[in-house]
Amino acid sequence: MAAADWYFDFVSPFAYLASERLGSLAPAIRVRHRPVLFAALLDANGQKGPAEIAAKRAFTYRFVVWQARRWGIPVKFPHVHPFNPLPLLRLAIACDCRPDAVQRIFRFVWRDGRLPDLPIEWAELAHDLGVPDAAARIGDPQVKEELRRNTDEAIARGVFGVPTLAIGETLFFGADAMDMALDFAKAGCRFDDPEYERVASLPEGARREAAKAAPGRARTKVVGSAR
């Protein structure tokens, strides 16, 4: 059995879709749930989130609905998105990241379309999870530190988005990469086709230098032979 760290943030609808399919990885992969702050991953990699690009935002939301329908997963977006996921991430840690607790939080947001931005909503979720005095628990310095530690570890491992399954040094990004991760685990945690290794180490032929570009335009610099 392979061991995997599953990095997720409740702000991601794709992480919700993946959470509903994690059971398909057993018994080949044993999953450890690791909440992280997606915004910090974006900052570390100099990226914008899908919801920060207008056309990509519309496509992403529609794609989530399409993919959910295709997989038979119920989905209902909350009334705003993006939202601040910090209370939910810390709540998961206060629940020791138990798979059932993580799934309940995901379903609260993405199946039921709710957010803990009203006291009654927060109280109901905390009650369902069996977390008395949840507001105090998520303010515990140890809970906050664990979230920071998870996020720093993910960045150090090269994680650039959520959801990501990390099996050793190999990353599988996205809800639609889970079958690939399963094949990898069943093959003894290796890629048996040399083409996988070849494409992973292709040299760069050009590099984009967006920081030096005029507003709204990207500049490309050639760094090697185009042949």
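Quick note: the coordinates plus some simple rules give every number you see, no bench work behind them. On a predicted model such as this, the values are computed, not experimentally measured, just so you know. Glycine also receives a Cβ, built like all others from the backbone with ideal geometry; neighbour counts cover every protein chain displayed.
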Notebook entry, point to check: Per-residue HN-Hα couplings for region 33-38, Karplus 6.51 cos²θ - 1.76 cosθ + 1.60 at θ = phi - 60°, whole Hz, x for Gly and Pro?
Noted result: 7, 10, x, 9, 8, 4
Check: Could you give me the ³J(HN,Hα) list for region 73-84, computed from phi with Karplus coefficients 6.51, -1.76, 1.60 and θ = phi - 60°, whole Hz, x at Gly and Pro?
Finding: 9, x, 9, 9, 5, x, 6, 9, 6, x, 9, 7
Check: Counting other Cβ atoms within 10 Å, which trypsin sites (Lys or Arg not before Pro) in region 1-103 have at most 16 and lie in a DSSP loop?
Finding: Arg21, Lys48, Lys76
Note to self: Please rank Ser12, Ser201, Ser19, fewest neighbouring Cβ atoms within 10 Å first, as an exposure proxy.
What the structure shows: Ser201, Ser19, Ser12
Check: Taking neighbour counts of Cβ atoms within 10 Å as a proxy for exposure, in what order, fewest first, do Phe106, Phe59, Phe83, Phe8 appear?
Finding: Phe59, Phe83, Phe106, Phe8
Note to self: Can you tell me how region 1-66 classifies by the Cα gyration tensor, rounded, prolate or oblate, using a/c under 1.5 as the rounded cut?
What the structure shows: oblate
Checklist line | Burial ordering of Glu121, Glu195, fewest other beta-carbon atoms within 10 Å first | finding: Glu195, Glu121
